[in-house]
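See structure below.
Values in this text are rule-based calculations from the coordinates and carry no lab data. What you are looking at is a predicted structure, and each value in this text was computed from that prediction instead of being measured. Every residue, glycine among them, receives a Cβ derived from its backbone with ideal geometry; neighbour counts consider all protein chains shown.
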Amino acid sequence: MKLKFDWFLMGMLAALGLAWWWPAPGAPGGSLHPELLNKLGVALVFFLNGLGLSFAALKAGTLRWPLHLLVQVATFFLFPVLGLLALGLFGGWFPADLRLGFFYLCVLPSTVSSSVAMTAAARGNVAAAVFNATLSSLLGVLLTPFLIGLALRHGGQPLPLGKVVLDLALCLLLPLALGQLARPWLGAWAGRHKQRLAIVDRLTILLLVYTSFCGSMQAGVWSRHGWGTVAAIAALCLGLFGAVLWALTRACHALGFAPADRVAAVFCGSQKSLATGLPMAQIIMGTHPGLSLILLPIMLYHSLQLVIGGALAGRWAKASDE
């Protein structure tokens, strides 16, 4: 299997290295003013997502309701249940912030860009993938803070759910809606410059990665945890990914899905959104000193889903061409 170079993954490593070497500008109160910069970055990411979202493609995917139900159940029910089981078995090996981060990974919505891209590469139902990924993102604005709020309340840290949902709506849904409203004027331009806008989107996410880790680096959070902890949580993420892939594949066969629908269901149901997870964490967790530990599982999972998903997409595309 030939692995394709992914500059975004390398960029994440570079952002982490920069946060370790020079955390002061991106830490709270730093020269980059992350309290304002992060909000502007989040708004830009979701405005560009709204600008690039085709309503026609979204409408075309609305009819496969068994597929949609399976994906959303996997995203917001199967993942949290498996996460709680994993934490019940192995959670004692990890610090509290890392346990919270693993559960946070489990309650995030699906990703839009990579799940749709991989579905297309594997000759799957692209319209259904667009619909499911978008629906998941919208549901996540309500379900993700609700589920993480339950976890925090159980740990004695109540979450002001109403304020969080309002902040998420203003910072995520409003820019997304404005991007959609701007499509009649900017849609054609966005289509012509799709690759450049994707680069802007990813660079903005890398900036959020940097600022998210700076505060933790300054507070010395990482000096208390070694590479063994990182390897252990990576193994837990890999096990989670494998379990969800297996469950979705079995469910698709049991429901008699066509091959194209199976591809869309597996990719949309097994992936988690780093692009949504980072901004949500900034809003939900605020300036939590352990934010970098909370974000570590989604960053590791994001890398795994790109590598394994890319290999599966190539294999399924080859099988469909035979």
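Put in order of Cβ neighbour count within 10 Å, fewest first, the listed residues Leu82, Leu300, Leu293 become Leu82, Leu300, Leu293. When the pairs Lys163/Lys194; Lys39/Lys59; Lys272/Lys318 are compared against a 28 Å limit on Cα-Cα distance, Lys163/Lys194; Lys39/Lys59 fall above it.
Just checking the listed ones, Leu36, Leu176, Leu138: in the Gaussian network model of the chain with Cα springs under 10 Å, the one fluctuating most is Leu36. The phi-based Karplus calculation (6.51 cos²θ - 1.76 cosθ + 1.60; θ = phi - 60°) puts the 3J(HN,Hα) values of segment 237-249 at 5, 5, x, 4, 4, x, 5, 5, 4, 4, 5, 5, 4 Hz, whole numbers, x for Gly and Pro. In terms of its C-alpha gyration tensor, segment 8-316 comes out oblate, because a/c is 1.5 or above while a/b does not outweigh b/c. Between the C-alpha center of segment 268-322 and that of segment 122-141 there is a gap of 15 Å. One decimal place: the segment Trp21-Gln195 gains 59.6 nm when fully extended, by the rule 0.36 nm per residue minus the C-alpha distance. For a test of the definition: using alpha carbon positions, the gyration tensor, and the 1.5 limit on a/c, classify segment 1-134 as rounded, prolate or oblate. The shape class here is oblate. Length gained on full extension, Leu13 to Ala235, computed as 0.36 nm times the residue gap minus the Cα-Cα distance: 78.1 nm.
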